[in-house]
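Here's the structure, in structure tokens; my notes come after.
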Amino acid sequence: MTTPPLRQRGRIAAAVGGLAVAALTVTLAVPAAAAGSTLQAAAAETGRYFGTAIAANRLSDTTYSTIANREFNMITAENEMKMDATEPSQNQFNYSSGDRIVSWARQNGKQVRGHALAWHSQQPGWMQNMSGTALRNAMLNHVTQVATHYRGQIHSWDVVNEAFADGGSGGRRDSNLQRTGNDWIEAAFRAARAADPAAKLCYNDYNTDNWSHAKTQGVYNMVRDFKSRGVPIDCVGFQAHFNSGNPVPSNYDTTLRNFAALGVDVQITELDIEGSGSSQAQQYQGVVQACLSVARCTGITVWGVRDSDSWRASGTPLLFDGSGNKKAAYTSVLNALNAGGTTTPDPTTPPPTTPPPTTPPPTTPPPTTGGSCTATYSEGQKWGDRFNGTVTIRANTNISGWSSTVTVSSPQRIIATWSGSPTWDSSGNVMTMRPSGSGALSAGQTASFGFTVQHNGNWRWPAVTCTAS
């Protein structure tokens, strides 16, 4: 789909939800009659897209598909193009659900963001048990095969997703992919470029919104290094999952602008903001205005159509309610888009990096060993009232099985688990996780499970142990 040329608009001055966007002066005003009546039309007037994540099994819902078709012109497959969906068995690829979404999008004149080629999470089971050279080769084959299948149909690919750790280190996340060598991200980008030269290649992550955070700086330094060495990276995706405990930071536009100064596009890729009413509307408005203030912020994608479709449904985080009605947040976004963007070039000389906060969050606890296996905890997504954690079990020798204990501190409670079979002690503070199937691992192999902690005001990370059999 060809978007209209960027139109220069009038003066913007905004300070919304704690997010200050500087006043920007441009030369021509667009008549009120030219205002877009839908999100995609209003965004196109500024040369940007406005997209959403789609689930293939919801396309038969007429309300869902009607809103998606009317309002959005960039489509991301919510889960259907991830590693476990596209290569459920090694070298046996299944594109049926992804193809359905791509076909629907293209038939309706929309573009497609590919999500995601390489990720430590949602790997198929066969890949989770691989390591070293075998895993590296399997990952590169996956990137090549999937990007080749969709060659010429993808606007932007999230080539690598969520590879940096939370916390104060600003370093890489420990994962089976990271353990194949620190150059694995670069290798994935080079493979994606060879497979689909026309697609924009993006790195995508969460909790990278605040310019002063160590994780943001870590990603920034990687992108700067890639650009200096000619590694093919075209864009950086900011997931932008916000709520009252993690609101839009006041320096959000600074973050976008500083990454753009490296010579990459910036895209808001998974936007959702928990809340309701005017507070939620102001937060959404602030995000849109931040994007509009940066010439290389090329588009915004919200992660779902209606609140009831969201992975955070209880937080009512989207622009349409469960019945498909427009919310106050929708109106604030549409008005912000129709107020216009900027054609002011982004700076070409990157600013010096900002040091990490002087009081960083705690570092990841050291691994604990139970003789022939090691348990390592890593923090995942965080919200105002809860956080996700992952425990990776690594076999030090050949083992026939394992169990792991996860101990949380009162008043914390584990409220959800995945990739294992849990039991709890009488206090409810100690969970013992065992594999759902065989726990046999060869020396050096890993398995992982995850859980969500309702923290109730206590952010202390759980203690984890491993026992092998």
> Counting each DSSP H run of 4 or more residues in the chain as -39500 (n - 2.57), what helix-only mean residue ellipticity at 222 nm follows after dividing by all residues, to the nearest 500 deg cm²/dmol?
Replying inline: -7500 deg cm²/dmol
> Any idea of Trp211's accessible area? Nearest 10 Å², probe 1.4 Å.
Replying inline: 20 Å²
>> Treating region 143-242 as a set of equal point scatterers at the Cα positions, no solvent, please give the Debye-formula log₁₀ I(q)/I(0) at q = 0.10, 0.14, 0.19, 0.20 Å⁻¹.
In response: -0.27, -0.52, -0.94, -1.03
>> Net charge within 10 Å of Val231 by Cβ-Cβ distance, Lys/Arg positive one each and Asp/Glu negative one each, not counting Val231 itself?
In response: +1
> Taking the Cβ of Ala198 as the center, what net charge do the other residues with Cβ under 12 Å away carry, scoring Lys and Arg +1 and Asp and Glu -1?
Replying inline: +1
> Between Thr397 and Thr63, what is the label-to-label distance in nm when each label sits 7 Å out along the Cα-to-Cβ direction?
Replying inline: 6.0 nm
> What are the extents of the Cα atoms of region 43-151 along their three principal axes, listed from largest to smallest and rounded to whole Å?
Replying inline: 48, 30, 21
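Tally Lys/Arg at +1 and Asp/Glu at -1 over every other residue whose Cβ is under 13 Å from the Cβ of Ala56; what's the total?
Numbers: positive: Arg58, Lys82, Arg100; negative: Asp61, Glu78, Glu80, Asp99, Asp309.
Cβ neighbours under 13 Å give a net charge of -2.
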> When DSSP assigns beta bridges and you keep just the ones with both residues in region 59-187, what percent turn out antiparallel, to the nearest 5?
Replying inline: 20 percent
>> Accessible area of the chain with a 1.4 Å probe: how many percent of it is carbon plus sulfur?
In response: 50 percent
> So how tilted is helix 328-339 from the main axis of the chain? Cα-based, degrees 0 to 90, rounded to 10.
Replying inline: 50 degrees
> Dividing the alpha-carbon radius of gyration of region 196-247 by 2.2 N^0.38 Å (N being the number of residues), what value is obtained?
Replying inline: 1.30
>> If you average 1/r across every pair of different Cα atoms in the chain and take the reciprocal, what Kirkwood value do you get, in Å?
In response: 23.0 Å
> If you take all C-alpha pairs in region 426-469, what percent of them are over 15 Å apart?
Replying inline: 56 percent
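Can you work out the accessible area per residue across the chain, with the rest of the protein chains kept in place, probe 1.4 Å, in square angstrom?
On a per-residue basis, the chain sits at 37 Å².
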> By its C-alpha gyration tensor, with a ≥ b ≥ c as the square roots of the eigenvalues, how is region 229-334 shaped: rounded for a/c under 1.5, else prolate for a/b larger than b/c, else oblate?
Replying inline: prolate
> Just how far, in whole angstrom, is region 386-433 from region 267-338 if you go by their alpha carbon centroids?
Replying inline: 35 Å
>> Rounding to the nearest 10 and keeping the result within 0 to 90°, find how far the Cα-based axis of helix 214-229 lies from the longest principal axis of the chain.
In response: 80 degrees
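The values are calculated or read from the model by the stated rules, or taken from the named source; none is laboratory data. Note that this is a predicted model, so its numbers are computed, not measured. Ideal geometry is used to build each Cβ from the backbone, glycine not excepted, and the neighbour counts take in all protein chains shown. Remember, those area values only see protein heavy atoms, side chains included, never the ligands or the DNA or RNA. Shrake-Rupley method; radii C 1.70, N 1.55, O 1.52, S 1.80 Å.
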